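To keep things clear, I will list the structure first and then write my remarks on it.
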Amino acid sequence: MNTNFHFLKKINNDLYEIITDAEKLYKDEYFEQCIAQTRRFAEQICSNILEQNNINKKTFDEMLEILKDNSNGTTEEKEFIDDLYFIKKQGNISVHAKKVKKDAITALECLKRAFEIAINYCVYNQNTSKNILKLNYDVELLITGTKIKENKFQTLEERYKKEKTKQSAALPQKNKNNVKTQIINQIELKQIKISLFWKTVIFFLSISMILILFLIIKISLLQNGS
């Protein structure tokens, strides 16, 4: 399965399996279960960090408090802890909800925050290459399983042409013929308009030349008479 969390597999396969299951749940539209799975992922990361520091496992709330108390106040640590709190809160709401809300927006936000947590964990806790800091969460990869290969920095004109091509390809054959006929008619009409324009220019140019010639002759006659 193609996943946004490919970088995590070599670092911690258990975490990788947990979060890729969350993506599968999202893709299958089990949004509440997806949120709960991201909560499990976040809690397990907290547990791993504390175990590395010889701290016994505690509740999720207690682990978050320990991380917060031992933070150096860096931007990365603050974002890391904020993301953990967000996922814990949404996970609790999802688990204890009496009705299924089908909250795709919150589920996607949890996945995105889990993605940031995973990168933070790999780089600042597992000393992975900082190159993964450049990664962004790819929603199209999540939904379709296919990574975008095209240039994301296309101009507006390029995106417009591509969209027109898609629309044209989706038209029935009859409509395609109509479109072709309309284009031909537009070209012919444009040619007629251009032809009429030049005829008008030539007409007025001829009149101007005649008037100029008349004035030259008249002036010449007047000079000879004097």
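Residues with beta-carbon under 13 Å from that of I81, excluding I81: net charge, scoring Lys, Arg +1 and Asp, Glu -1? Each step should come with its number before you reach the end.
On the way: positive: K68, K78, K88, K89, R113; negative: D61, E65, D69, E76, E77, E79, D82, D83, E116.
Net charge around I81: -4.
Expressed as a whole percentage, what fraction of the accessible surface of the range 10-134 belongs to carbon and sulfur atoms when a 1.4 Å probe is rolled over the protein heavy atoms? All intermediate terms of the calculation are to be shown ahead of the outcome.
Values: 3210 of 7210 Å².
Answer for the range 10-134 is 45 percent, counting heavy atoms of protein chains only.
Keeping every protein chain in place, order V139, V123, V95 by accessible area at 1.4 Å, biggest value first, i.e. largest first.
Working: V139 55, V123 10, V95 90 Å².
Accessible-area ranking of V139, V123, V95, largest first: V95, V139, V123.
Calculate, axis by axis, the spread of Cα positions in the range 1-154 along the three principal axes, and write the results as whole Å, longest axis first.
Cα spread of the range 1-154 along its principal axes, largest to smallest: 45, 43, 26 Å.
Sort 205-216, 31-42, 69-80, 103-114 for me by packing, meaning the mean count of neighbouring Cβ atoms within 10 Å per residue, highest on top.
Per-residue mean Cβ counts within 10 Å order the peptides as 31-42, 103-114, 69-80, 205-216.
If R₀ is 35 angstrom, what is the calculated FRET efficiency for the pair E76 and K102, using the beta carbon separation as r and rounding to 0.05? Intermediate results must be reported in sequence, preceding the final value.
On the way: r = 33 Å, r/R0 = 0.96.
Efficiency at R0 = 35 Å is approximately 0.55.
Provide the packing ranking of 84-90, 62-68, i.e. peptides ordered by the mean count of other C-beta atoms within 10 Å per residue, highest first. Working shown, then result.
Details: 84-90: 19.6, 62-68: 16.3.
Taking the mean over residues of other Cβ atoms within 10 Å, the ranking is 84-90, 62-68.
Just the number please: accessible area per residue for the range 1-147, 1.4 Å probe, all protein chains included, in Å². Don't jump to the answer; show the numbers that get you there.
On the way: 8440 Å² over 147 residues.
Per-residue value: 57 Å².
Straight-line reach only, C-alpha to C-alpha below 12 angstrom: list the aspartates and glutamates that K89 could link to, leaving out same-chain residues fewer than 8 apart.
In chain and number order, the partners are E43, D61.
If you place +1 on the Cβ of every Lys and Arg and -1 on the Cβ of every Asp and Glu, how big does the dipole about the Cα centre of the range 33-84 come out, in debye to the nearest 20?
220 debye
The values are calculated or read from the model by the stated rules, or taken from the named source; none is laboratory data. It should be emphasised that the depicted structure is a prediction, and the values quoted were computed from it without experimental measurement. Because the Cβ atoms are built from the backbone with ideal geometry, glycine has one as well, and the counts that use them run over all protein chains shown. These area figures cover heavy atoms from the full protein model, side chains too; ligands, DNA and RNA do not enter into them. Shrake-Rupley method; radii C 1.70, N 1.55, O 1.52, S 1.80 Å.
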